[in-house]
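Below is one structure, written out as structure tokens, with a few remarks after it.
The values are calculated or read from the model by the stated rules, or taken from the named source; none is laboratory data. Quick caveat, the model's predicted, so the values are computed rather than measured. Note that we place each Cβ from the backbone using ideal geometry, even for glycine, and neighbour counts take in every protein chain shown. In case anyone asks, the SASA skips ligands and DNA or RNA and just uses the protein heavy atoms, side chains included. Shrake-Rupley method; radii C 1.70, N 1.55, O 1.52, S 1.80 Å.
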Number of protein chains: 2
Amino acid sequence: MPEGEKEITIYDIAARLNVSAATVSRGLKDHPRVSKATKKLIIKTAEEMGYRSNSFASNLRKKQSNVIGVIVPRLNSSFMADVLAGIEKVVNNNNYNLFISQSLESMQKEASNARAMLNSRVDGLLVSVAYDTANFDHFEPFIKRNIPVIFFDRVFDHESCPQIYIDNYKAAYDITGHLIKQGCKRIVHITGNQLRNVYSERFRGYKRALEENNREFDNGLVIINDLSSKAGTEAAAEILKMSPLPDGLFVANDICAVSCMQALKKEGINIPNDIAVAGFNNDPTSCVIEPNLTTVNYKGYEMGEVAAKLMINHLVDKYDLQETHSLILRSELIIRESSLRNGDGNVD
Amino acid sequence: MPEGEKEITIYDIAARLNVSAATVSRGLKDHPRVSKATKKLIIKTAEEMGYRSNSFASNLRKKQSNVIGVIVPRLNSSFMADVLAGIEKVVNNNNYNLFISQSLESMQKEASNARAMLNSRVDGLLVSVAYDTANFDHFEPFIKRNIPVIFFDRVFDHESCPQIYIDNYKAAYDITGHLIKQGCKRIVHITGNQLRNVYSERFRGYKRALEENNREFDNGLVIINDLSSKAGTEAAAEILKMSPLPDGLFVANDICAVSCMQALKKEGINIPNDIAVAGFNNDPTSCVIEPNLTTVNYKGYEMGEVAAKLMINHLVDKYDLQETHSLILRSELIIRESSLRNGDGNVD
DNA sequence: CTGAAAGCGCTAACAC
DNA sequence: GTGTTAGCGCTTTCAG
């Protein structure tokens with residue numbers, strides 16, 4: 001396609017070597033039935049002539065792209081960046097390529113991205129759904145064609161799609177229990193769209209912990225927003241208006257928790273003594289904010305690796321996806337100063 | 001390729017409609033010389049039959065992929081994630097796809113990624129080079145084939161490759177000047193591999209600011225490391241051993257600056273009064289650390305957009321790349337408490 | 001405005 | 001171990 005010379009094909013190599021194109025094709029791969037000598041010669045000549053394989057032709061012929069598609073809500077979140085790094089590593093090491101696109105938290109964009117992935121014929125799709133994704137329609141074409149779709153973190157329930165996530169319920173249950181043990185009586189919970197498992201499960205864990213400790217659940221203590229940094233600041237204002245002032249706060253992500261803490265501190269609230277705070281995600285900012293934020297750690301990088309490995313195994317070994325429907329990864333409660341009352345260093 | 005039905009092709013549509021495949025092909029695109037009526041009919045039928053275009057065949061025929069490749073040092077850095085988000089938006093809006101891979105700061109991996117990109121026939125390549133990239137060999141095949149390569153942020157000098165970056169020299173010059181105005185006499189500079197423009201230019205700006213203010217440059221005050229969080233902690237130990245203790249610190253990125261600050265604070269150093277500190281990048285942690293970190297802001301998102309737009313313009317309009325060799329984006333000094341002495345609120 | 005036909009470069013079944 | 005052959009699905013001259 002450039003100006004000067006034409007692109008070299010296997011036919012050019014074949015002509016130069018007086019063999020057939022088929023032999024060249026075989027030689028370039030590691031086909032067993034081709035002699036060491038010719039194989040070596042072919043590879044050497046290819047190099048010399050500046051050959052590059054034409055993946056279009058090969059894909060067309062083989063009906064597979066060696067490409068895995070990824071759709072995430074946003075690329076620029078610390079957690080997602082970690083996940084992608086994990087995915088990239090595994091995918092790259094297995095000689096697959098990665099198509100990446102972001103839904104920007106909109107189901108509509110997610111659908112259009114899915115369509116693009118379908119047309120570019122990805123061999124498999126890894127998805128973490130958008131904030132407002134309410135149905136599965138845009139993934140149906142993949143299922144119909146037996147193209148594997150795997151959900152991670154923000155999963156969508158569908159029988160043919162494996163899902164990878166952490167036990168959000170239990171983590172939230174534990175962290176709320178921890179706040180209760182610290183003596184919190186009225187614990188505010190800030191969370192996001194309840195359509196998303198990650199938020200509804202955390203909410204469920206929070207409620208359950210209250211119940212088990214004979215605390216009454218008070219809907220007035222629940223704030224639902226988009227968990228952004230800005231929302232955290234606004235939530236702080238809301239909290240300050242509550243009376244009596246709550247003495248505990250569990251936010252469903254760290255970004256929002258941190259900005260909320262900053263706003264509360266600015267108003268003279270002492271953390272943890274006035275209000276003990278816990279977040280979720282172990283964002284880098286959580287150990288920079290003072291006091292350091294109690295949170296739930298789960299490794300995005302690992303989640304990315306696991307998701308990608310599951311996909312690759314299926315694609316390469318025809319490993320049956322149906323066998324593993326859910327993969328629940330480990331998460332851990334990290335207790336820091338933001339929730340530790342009165343120098344009580346007891347970590348449970 | 002799945003079990004059930006075969007994949008629909010334009011021939012199937014053609015047969016159903018009693019027209020030729022050529023007409024279907026034209027109808028599906030927006031070819032001018034096809035009647036509105038048949039065009040509409042073709043599109044409708046395609047939809048009904050569950051047709052999806054075969055990009056392999058089309059790419060093979062047209063000799064272009066509609067894919068843009070991106071190679072970055074790492075995906076999981078706040079700055080790169082922003083850049084990628086910007087790139088993705090532009091690329092996606094223009095109906096291109098995005099191949100993304102990471103070099104993990106190794107030139108070797110970068111080269112292997114470049115080879116993969118070459119083989120998958122990306123139409124253009126966007127690159128921010130690895131920590132130790134020392135030569136251009138792995139990009140030569142692109143140049144030879146007239147495949148555009150554009151560098152951003154960490155650029156590599158090559159006459160046929162446009163570069164997009166900020167004026168690192170001036171930003172560092174300004175921030176060092178600011179520290180000097182705050183009364184700093186002995187300013188430590190922590191920086192990275194001098195092979196990389198971003199670090200060598202910042203170093204140059206630091207030196208120049210010292211010169212102009214008749215401060216002697218002291219190589220003993222320069223620490224070169226990998227600018228990681230861990231390196232910041234180690235650098236703090238080094239600084240604490242210096243005598244007399246320096247009274248200013250300019251770190252070439254925020255991640256390292258923040259961890260260094262944390263370690264210094266732990267040793268009882270007062271920031272900014274004992275040591276005034278400045279970073280670079282405006283990382284999210286920079287306005288969480290206390291005192292908030294003075295830094296240089298430059299928007300990764302915008303840089304991504306600009307890089308992608310330049311690429312797309314070139315690809316679509318055949319806009320001549322040679323005309324814009326360098327694109328220098330705006331950056332701004334953000335002065336916060338970490339460098340403001342004695343309640344002196346003078347910004348400048 | 002539409003059709004016929006060739007060919008993009010590769011792979012795989014089948015021969016030998 | 002190697003060659004022959006056909007065809008993957010599309011685009012695009014060239015004709016009409």
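Things to note:
- Residue in segment B:63-70 that is within 16 Å of DNA strand D (Cβ to nearest atom) and either among the aliphatic types (A, V, I, L, M) or within 15 Å of B:VAL306 (Cα to Cα) (or both) present: yes
- The one condition in (1) facing another protein chain (nearest Cβ under 9 Å); (2) at pLDDT 95 or above; (3) more than 16 Å from DNA strand D (Cβ to nearest atom) that A:PHE56 fails to fulfil: (3)
- Single residue of A:ASP123, A:ASP137 found to be charged (D, E, K, R) and more than 10 Å from chain B (Cβ to nearest Cβ): A:ASP137
- Test: residue in segment B:33-50 that is of a type outside the set (Ser, Thr, Tyr), at the interface with chain A (Cβ under 7 Å from one of its Cβ atoms), more than 9 Å from DNA strand D (Cβ to nearest atom) and farther than 24 Å from A:MET80 by Cα: no
- Tally, over segment B:124-133, of residues that are at pLDDT 95 or above and either touching a Lys or Arg at 6+ places or on another chain (Cβ under 6 Å) or surrounded by fewer than 22 Cβ atoms within 10 Å (Cβ to Cβ) (or both): 2
- Within segment B:262-276, the set of residues being out of contact with any strand residue (DSSP E or B) (no Cβ under 9 Å at 6 or more places or on another chain) and free of Cβ contacts under 8 Å to residues at least 60 places away in the same chain comprises B:GLN262, B:ALA263, B:LYS265, B:LYS266, B:GLU267, B:GLY268, B:ILE269, B:ASN270, B:ASP274.
- For the condition of a type outside the set (Lys, Arg), over 19 Å from A:THR294 (Cα atoms) and surrounded by 17 or more Cβ atoms within 10 Å (Cβ to Cβ), A:LEU221 qualifies.
- No other residue among B:SER286, B:SER259 is closer than 28 Å to B:SER128 by Cβ, without any contact (Cβ under 8 Å) to a residue 40 or more places away in the chain and open to solvent by less than 30 Å² (accessible area, probe 1.4 Å) apart from B:SER259.
- Residue-level check: of (1) under 11 Å from A:VAL72 (Cα atoms); (2) within 11 Å of chain B (Cβ to nearest Cβ); (3) surrounded by fewer than 17 Cβ atoms within 10 Å (Cβ to Cβ), A:ASN113 misses just (3).
- Taking the criterion of being part of a loop (DSSP other than H, G, I, E, B) and at pLDDT 95 or above, the only residue of segment B:136-146 that qualifies is B:PHE136.
- Close Cβ contacts (under 7 Å, 6 or more residues apart or on different chains) running from residues in segment B:31-44 that are in contact (Cβ under 8 Å) with a residue 12 or more places away in the chain to residues that are more than 13 Å from DNA strand D (Cβ to nearest atom) and not in a loop (DSSP other than H, G, I, E, B) comprise B:LEU41/B:LEU17; B:ILE42/B:LEU17.
- You will find that of A:ALA14, A:ALA37, the residue that is modelled with pLDDT under 95, over 35 Å from the mean Cα position of the chain (by Cα) and open to solvent by less than 30 Å² (accessible area, probe 1.4 Å) is A:ALA14 and no other.
- So A:THR176, is it closer than 30 Å to A:LEU293 by Cβ, crowded, with 19+ Cβ neighbours inside 10 Å, in contact with a Lys or Arg (Cβ under 9 Å, 6 or more places away or on another chain) and not assigned by TED's automatic domain parsing to the domain that holds A:LEU84: yes
- Leading residue by the ranking (nearest to A:ALA235 (Cα to Cα)) among those in segment A:181-197 that are in contact with a Gly (Cβ under 8 Å, 6 or more places away or on another chain) and open to solvent by less than 30 Å² (accessible area, probe 1.4 Å): A:ILE190
- The residue of segment B:59-88 that is most open to solvent (accessible area, probe 1.4 Å), among those that are facing another protein chain (nearest Cβ under 7 Å) and aliphatic (A, V, I, L, M), is B:LEU60.
- For segment B:237-253, the count of residues that are within 14 Å of chain A (Cβ to nearest Cβ) and over 30 Å from B:ASN66 (Cα atoms) is nonzero.
- When residues of segment B:7-23 are limited to those that are free of Cβ contacts under 8 Å to residues at least 40 places away in the same chain and within 7 Å of DNA strand D (Cβ to nearest atom), the one farthest from A:GLU140 (Cα to Cα): B:ALA22
- Number of the condition not met by B:PHE151 [criteria: (1) outside the structural domain of B:GLU88 (by TED's automatic domain parsing); (2) buried (at least 20 other Cβ atoms within 10 Å of the Cβ); (3) free of Cβ contacts under 8 Å to residues at least 40 places away in the same chain]: (1)
- Boolean, A:VAL91 is closer than 26 Å to A:LYS318 by Cα and either open to solvent by 20 Å² or more (accessible area, probe 1.4 Å) or within 11 Å of chain B (Cβ to nearest Cβ) (or both): yes
- For segment B:94-106, the set of residues classified as in contact with a Pro (Cβ under 8 Å, 6 or more places away or on another chain) and within 7 Å of another protein chain (Cβ to nearest Cβ) consists of B:GLN102 only.
- Inside segment A:140-172, residues that are on the phi > 0 side of the Ramachandran plot and within 14 Å of another protein chain (Cβ to nearest Cβ) make up a count of 1.
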